[in-house]
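Reading through the structure tokens given below for one structure.
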Amino acid sequence: MGNRHFRRSMACGIFLTASTSTASIAVAQSFPPTINAPPIRSPVDANGVNLATGGIEISTTDLLIGAPGKGGLAHKRVWTGNGWRHGFFLSLVDNGANVLVSIGAQSATFTLSGGVYVSDQANGSTLTASTGLYTYTAPDGTIITFDSTYRPNLIYYGSVSAIGSNIILPSGEKLALTYKFTKYNIQVGYIYVAALKSVNSTSGYQLKYGYGSDGFTINKVTAINNGIDYCDPAADTCTALTQSWPSVSYSSASVGSTTQESVTDALNRVIRYTTNNTTGRLTGIKRPSSTNDNVLMTAICAAERVYPAANLSASGEFGL
């Protein structure tokens, strides 16, 4: 099948081609990469291009347990230009006059005016602050608490003021987030690096996050029904589980001038994402059933942007 191309003016765009608890103190040798905050507006076309920013914004659902929104949990990821953010990646940056709230795949901004935070998007969202805590209420009524008292000099894939600790969904379902903090000595003092260990719902479901040797690269997420098996939310690993629970694993390998990330889902299917080591951009995606990349992406800086048809859903979701 031939590729269909659509063009529009743009200084720099994307070219897509579709084919068929705190740990002990450590001396810092590597730090988590700073991952771009998600966009404020996400009008994503069928090719995974954010029409507001011109950037690639591909989302995936890598793991499910139960019915999300009805007591279940989902581990979702979205590519934000230089890395992946997952759905429970909750961060807040406060520079005094302005606040950036980032929740999974989307951001919101507020301006402090007369002691009150005013939504810059005027979409009905609100933000309040008390000692050490921020409370964000989304337009749909979801309430998220951000805690700034965990540790000073906090790094969570970038410098942040607070990270999400609790979520109350419109249904009344409550989610608790548990982190591990590792202290690193640096030349001018120290920092704390945060890593999400678990998300637990009041319905008894849990997403358990595992990490590589660096302590901040996610290499596995396991979905557990705590009504059957308990796992300490703060533990590095779950022990004494009575059965094998669904999981998704992540591994990366350098191939020439690129890095290839392999994602193995609960059915043992593997999808591969390729990024350019120089630019950090996502350049290719290969489905489990394919030999070569199904989607190729090349950044171009020219007078136009080219969009061919890609294997994405209307929401930019890249499925297996």
Given Cβ charges of +1 for Lys and Arg and -1 for Asp and Glu, the option among 276, 262, 198 whose Cα lies farthest towards the positive end of the dipole of the range 191-301 is 276
Chain lengthening between residue 122 and residue 176 when straightened (0.36 nm per residue, less Cα-Cα): 16.6 nm
In which sequence would 151, 77 go, from the one with the fewest C-beta neighbours within 10 Å to the one with the most? 151, 77
Tell me whether the range 172-245 comes out rounded, prolate or oblate; compute the Cα gyration tensor, take square roots of the eigenvalues as a ≥ b ≥ c, and use a/c under 1.5 as the rounded threshold. prolate
Lysines whose Cα lies under 18 Å from that of residue 70, excluding same-chain neighbours fewer than 8 positions away: 174
Give a residue-ordered list of calculated ³J(HN,Hα) values for the range 137-143 (Karplus: 6.51 cos²θ - 1.76 cosθ + 1.60, θ = phi - 60°; whole Hz; x for Gly, Pro). 10, 6, x, 8, x, 4, 10
Using the alpha-carbon centroid of each, what span in Å lies between the range 149-168 and the range 53-125? 14 Å
Magnitude of the Cβ-charge dipole (Lys and Arg +1, Asp and Glu -1) of the range 169-265 about the Cα centre, nearest 20 debye, reported as 220 debye
For the range 204-213, Karplus couplings with θ = phi - 60° (6.51, -1.76, 1.60), whole Hz, Gly/Pro x: x, 9, 9, 9, 10, 9, x, 10, x, 5
With a 10 Å Cβ neighbour count serving as the proxy for reagent exposure, in which order, fewest first, do 99, 160, 116 appear? 116, 160, 99
Here the residues of the range 138-153 lying in the modelled label zone of residue 67, meaning backbone nitrogen under 20 Å from a point 7 Å along Cα-to-Cβ, are 142
Neighbour-limited loop hits for trypsin sites (Lys or Arg not before Pro), the range 224-283 (at most 14 other Cβ within 10 Å; DSSP other than H, G, I, E, B): 269
Computed curve, the range 58-100, Cα-only Debye sum without solvent term, log₁₀ I(q)/I(0) at 0.18 Å⁻¹, is -0.66
Spacing of the two label points (7 Å from each Cα toward its C-beta) at residue 130 and residue 229, in nm: 3.8 nm
P(r) of the range 66-212 over all Cα-Cα pairs, binned every 10 Å from zero, in whole percent: 11, 40, 37, 12, 1
Using the Cα gyration tensor of the range 124-208, with a ≥ b ≥ c the square roots of its eigenvalues, what is the shape: rounded (a/c below 1.5), prolate (a/b larger than b/c) or oblate (neither)? oblate
Rank the residues 205, 156 as a footprinting-exposure proxy: fewest other Cβ atoms within 10 Å of their Cβ go first. 205, 156
Excluding residues on the same chain fewer than 8 positions from residue 180, give the lysines whose Cα lies under 27 Å from its Cα. 76, 197, 208, 220
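Computed from the coordinates by the stated procedures, all read-outs in this text should not be read as laboratory data. Bear in mind that the values here come from a model prediction, so they are computed numbers and not experimental data. Positions of Cβ are generated from backbone atoms using ideal geometry, with glycine treated the same way; all protein chains shown enter the neighbour counts.
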